[in-house]
Amino acid sequence: MDFLRPAGWEEALAAKAEHPTAVPIAGGTDVMVEINFGHRRPEYLLDLDRIPELHEWETGQDDVRLGASVPYTRIMENLRAELPGLALASHTVASPQIRNRGGVGGNLGTASPAGDAHPALLAAGAEVEVESVRGTRLIPIDAFYTGVKRNALRPDELIRAVHVRKADGPQQFSKVGTRNAMVIAVCAFGLALHPETRTVRTGIGSAAPTPIRARAAEEFLNAALEEDGLWDSGKAVAPSVAQRFAELCSAACDPIDDVRGTAGYRRHAVGVMARRTLAWTWESYRDASKGAV
């Protein structure tokens, strides 16, 4: 196994073009585990840790451009107001040591359905900035996941950054694990309210071959909130609406049985998380609406 260590971004792109099978490594919190357990033996490792711009972020008027290697700890400490859902998800990632090393780019590159960042990115409506020597393109998060641990990257492309719109409403993240910390998600759920467009977006992890949105549930809730005038009135969501939303979220799942949980348990847990996160986010929205009066 050869180790490639470019000193800059252009050099990294050239190395990836020359060696398309090279596996990028930055935090190493996913790749090194697979290598150490003998599950993976790439011909080349492409170390991106020395590229400063991957560890930086830019806060614009409407969105945040998050470098692929910005560690979860810095998201938690510096971007809680702009990216609350992702900050909450970052809190659940493994241990402090892993949160100091791992970043969103690694989660996206690995594309594991259990990655903690995916539900928050789906709910927020992120875009993934990828680049090769041929140029740059933005991939909508909905089109990024293409299969079990597969993504839309071309062989010569690297993830440079993630563009996430600043939160215009409350966001939440919930995760079920076999213990309270240092755990891979049995299932996870993200929810974001977008009052500017009067829409709701979801993200579900570890309950289907890829991270997914519960689109039918979103459409149902969007219609219910609009028809009942709740965006304007700030009144409570009816229990029947919350229950139906939860049922549709469960129905969106396509889970498997494994050592961490059964398919039936995952469907049930996603429904519970959907109902709870809806209650939390809508209560936050109501409180903010009251304060604005």
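The values are calculated or read from the model by the stated rules, or taken from the named source; none is laboratory data. A quick note: this is a predicted structure, and the numbers were derived from the prediction, not measured. Quick reminder, even Gly has a Cβ in these numbers, built from the backbone with ideal geometry, and neighbours come from all protein chains shown. Only protein heavy atoms, including side chains, enter the accessible area calculation; ligands, DNA and RNA are left aside. Shrake-Rupley method; radii C 1.70, N 1.55, O 1.52, S 1.80 Å.
Tabulated values for the structure
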| read-out | value |
| --- | --- |
| Among GLY147, GLY203, GLY67: highest mean-square fluctuation, GNM of the chain, C-alpha pairs under 10 Å | GLY147 |
| For the range 211-293, convex hull volume per residue from C-alpha positions, Å³ | 91 |
| Equivalent ellipsoid semi-axes - Cα gyration tensor, the range 136-282, angstrom | 26, 22, 13 |
| Average projected area [Cα convex hull, the chain], square nanometres | 15.1 |
| For the range 16-57, the spread of Cα positions along each principal axis, largest first, Å | 33, 25, 12 |
| Under Karplus coefficients 6.51, -1.76 and 1.60, residue-wise ³J(HN,Hα) of the range 166-177 in Hz, glycine/proline x | 4, 4, 10, x, x, 9, 9, 9, 9, 9, 10, x |
| Anchor LYS290: aspartates and glutamates whose Cα lies under 12 Å away (excluding residues fewer than 8 positions away in-chain) | ASP232 |
| GNM top mover of ARG160, ARG99, ARG40 - the chain, alpha-carbon springs below 10 Å | ARG40 |
| Prolate/oblate/rounded label for the range 119-206 (Cα gyration tensor, a/c 1.5) | oblate |
| Most mobile of ARG213, ARG65, ARG244 in a GNM of the chain (Cα contacts under 10 Å) | ARG244 |
| Cross-link reach list, aspartates and glutamates versus LYS175, counting only Cα pairs under 13 Å and skipping chain neighbours closer than eight places | ASP116 |
| Heavy-atom accessible area order for ASP116, ASP254, largest first, 1.4 Å probe | ASP254, ASP116 |
| Candidate aspartates and glutamates - alpha carbon under 14 Å from LYS16, same-chain residues fewer than 8 apart omitted | ASP2, GLU43, ASP47, GLU131, ASP156, GLU157 |
| Within the chain, helix-based [θ] at 222 nm, where runs of 4 or more DSSP H residues each add -39,500 (n - 2.57), nearest 500 | -11500 deg cm²/dmol |
| Heavy-atom SASA rank of TYR285, TYR265 (probe 1.4 Å, accessible area, largest first) | TYR265, TYR285 |
| Rounded to 10°, Cα long-axis angle of helix 263-292 versus longest principal axis of the chain | 70 |
| Angle between the chain longest axis and helix 215-227 axis [Cα atoms, degrees, rounded to 10] | 40 |
| Ordering of 2-10, 273-281 by packing [mean C-beta count within 10 Å, highest first] | 273-281, 2-10 |
| Portion, in percent, of the accessible area of the chain that falls on carbon or sulfur, probe 1.4 Å | 50 |
| Separation between Cα centres of the range 79-127 and the range 199-278, rounded to whole Å | 20 |
| Degrees, to the nearest 10: 239-252 long Cα axis against longest axis of the chain | 30 |
| Net charge contributed by nearby residues that have their C-beta within less than 12 Å of SER250 (K/R +1, D/E -1) | +2 |
| Within-11-Å neighbourhood charge of ALA188 [Cβ basis; K, R +1; D, E -1] | +1 |
| Relative contact order of the range 1-146, defined on C-alpha pairs under 8 angstrom at six or more residues apart (%) | 21 |
| Probe 1.4 Å, protein heavy atoms only - accessible area per residue of the chain in square angstrom | 46 |
| Cα-Cα P(r), the range 53-144, percent of pairs per 5 Å interval | 3, 13, 26, 29, 18, 8, 3, 0 |
